[in-house]
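K.L.:
Quick one: structure below, then a few questions.
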Amino acid sequence: MNYDLLPVFARNEAANKWLEEHPLVLGGGAIALGIVLTLLGVNALKTGKATTKWGQEVEGGSAKAMGVVWLVVGVGAILFGLYKIIAGFR
């Protein structure tokens, strides 16, 4: 592990502690982000068109690849959010 980057991730310890104490907020945010990414992925797979973060529209195989990535990351975020919520009740 690259320990040079740890100070970057641990700068706001108060926010990290607050999120640890309120897992419903962290889980809900992850689920909301996951739903948006999942819907983007489904739309890209359905239409065969996707827009990059710079506003360029791609079609065909590139759009389907972006759709699969969005779908996988979205489902992963939803599962992470559900895990945090369920673990918060224990």
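Per-residue answers, yes or no, for (1) touching a Pro at 6+ places or on another chain (Cβ under 7 Å); (2) in contact (Cβ under 8 Å) with a residue 12 or more places away in the chain; (3) β-branched (Val, Ile, Thr):
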position: Thr51; (1), (2), (3): no, no, yes
position: Gly55; (1), (2), (3): no, no, no
position: Gly60; (1), (2), (3): no, yes, no
position: Val68; (1), (2), (3): no, yes, yes
position: Phe80; (1), (2), (3): no, yes, no
position: Ile85; (1), (2), (3): yes, yes, yes
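K.L.:
Can I ask one more? For segment 9-31, give me each residue that is polar (S, T, N, Q) and assigned to a helix (DSSP H, G or I).
P.N.:
Initial filter on segment 9-31 (polar (S, T, N, Q)): 12, 16.
Once the filter is applied, which keeps residues that are polar (S, T, N, Q) and assigned to a helix (DSSP H, G or I), segment 9-31 yields only Asn16.
K.L.:
Considering only residues that are among the aromatic types (Phe, Trp, Tyr), within 22 Å of Glu20 (Cα to Cα) and in a helix (DSSP H, G or I), which ones fall in segment 32-90?
P.N.:
Step one: filter segment 32-90 for residues among the aromatic types (Phe, Trp, Tyr), giving 54, 70, 80, 83, 89.
Restricting the remaining residues to those that are within 22 Å of Glu20 (Cα to Cα) gives 80, 83, 89.
The answer is Phe80, Tyr83.
K.L.:
If you don't mind, another one. Of everything in segment 72-87, what is more than 13 Å from Leu24 (Cβ to Cβ) and either touching a His at 6+ places or on another chain (Cβ under 7 Å) or open to solvent by 50 Å² or more (accessible area, probe 1.4 Å) (or both)? Give them in sequence order.
P.N.:
Just the residues of segment 72-87 that are more than 13 Å from Leu24 (Cβ to Cβ), to begin with: 72-80.
Of everything in segment 72-87, those that are more than 13 Å from Leu24 (Cβ to Cβ) and either touching a His at 6+ places or on another chain (Cβ under 7 Å) or open to solvent by 50 Å² or more (accessible area, probe 1.4 Å) (or both) turn out to be Val72, Val73, Val75, Leu79, Phe80.
The values are calculated or read from the model by the stated rules, or taken from the named source; none is laboratory data. In this text, all values refer to a predicted model and were calculated from it rather than measured experimentally. Ideal geometry is used to build each Cβ from the backbone, glycine not excepted, and the neighbour counts take in all protein chains shown. Note: accessible area is taken over every heavy atom of the protein model, side chains too, but ligands, DNA and RNA are not part of it. Shrake-Rupley method; radii C 1.70, N 1.55, O 1.52, S 1.80 Å.
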